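Have a look at the structure below, then the notes.
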Amino acid sequence: MLDRTASRARFITFEGGEGVGKSTQVKRLVNSLSRRAIPAVRTREPGGTPKAEAVRAFILQGRSEQWGPGAEAVLFAAARLDHVNQLIAPNLSSGRWVVSDRFSDSTRAYQGLTGGVDVKLIDALETLALDGHKPDLTIILDMDPEIAFRRVLERETEASLVATGDRFEKEDLDWHRRLREAFLAIARNNVERCAVIPANQSEDALEIEVWDVLTRRFPELAAEPVA
Ligand code: TYD
């Protein structure tokens, strides 16, 4: 049994490019934790709280595009600040694990390393928005963007992309290759926090690999009985 006095709730984030299967693995991980009677909440960025969801809608509809990536980085950070204060921190302090589909590495990868926003601004926004709540573990799902692209297009037709206006998915392949390198660079610079998992495998195989990483990082989990 998990020694609840000796262990604390962990903050786990999933990162990666478009179409790598993050959302499915976030759901599966929360289920795996719940099956072991470990309370866990699933959340996402941008979003997670009503105010942050409003920022999400504003950005993903393309309304902030004309402001440029610097202002967008500030908007993502504003949403994150609310998400951390209203959802992430309170849940962790009540003993619930938090699993987020994207977090601050997305700002560093999309707006910073790929979008050209100065690293000093990215660092400052991260310090401000995280308020000390760095993830305990970040899983970066890595996939050749050409394969990921095909998966996204199978999921959503070009017409529906235009209809939903999710403009980040419309960038070209070269841009996605740079985005992939950005996430890999983040992993190299944060080896203690990040684990890169090749994502071009079945959902079941990926789930097993994710759980393997979890039990290696948090050995107390391995002893938990499964309901
Ligand atoms: P979403 O539909 O959630 O995409 P995905 O399923 O790939 O996570 O849209 C979120 C988009 O916002 C995605 O393209 C990544 C982008 N994004 C940033 O550019 N910066 C950020 O800080 C975050 C959190 C997301």
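The values are calculated or read from the model by the stated rules, or taken from the named source; none is laboratory data. All values derive from a computational prediction rather than experimental measurement. All Cβ positions, even for glycine, are placed from backbone atoms using ideal geometry, and neighbour counts span all protein chains on display.
Laid out as a table, the results:
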read-out	value
Considering residues of region 29-54 that are touching a Pro at 6+ places or on another chain (Cβ under 9 Å) and of a type outside the set (K, R) only, the residue surrounded by the fewest Cβ atoms within 10 Å (Cβ to Cβ)	A37
Index of the failed condition, T24 passing every other in (1) surrounded by fewer than 20 Cβ atoms within 10 Å (Cβ to Cβ); (2) more than 11 Å from the ligand (Cβ to nearest atom)	(2)
Residues within region 34-84 that are hydrophobic (A, V, I, L, M, F, W, C), in contact (Cβ under 8 Å) with a residue 40 or more places away in the chain, over 17 Å from P135 (Cα atoms) and more than 10 Å from the ligand (Cβ to nearest atom), tallied	4
Selection from region 177-212 of residues that are within 18 Å of K134 (Cα to Cα) and β-branched (V, I, T)	I186, V191, V196
Cβ pairs under 8 Å, 6+ apart, first in region 194-209 and closer than 16 Å to G17 by Cα and at pLDDT below 95, second among the acidic types (D, E) and crowded, with 19+ Cβ neighbours inside 10 Å	none
Residue match in region 105-119 (condition: surrounded by fewer than 23 Cβ atoms within 10 Å (Cβ to Cβ) and of a type in the set (S, T, N, Q))	yes
Residues (among the β-branched types (V, I, T) and either surrounded by fewer than 13 Cβ atoms within 10 Å (Cβ to Cβ) or touching a His at 6+ places or on another chain (Cβ under 9 Å) (or both)) located in region 148-157	T157
Scan of region 35-59 for residues that are in a strand (DSSP E or B) and basic (K, R), ordered by number	R42, R44
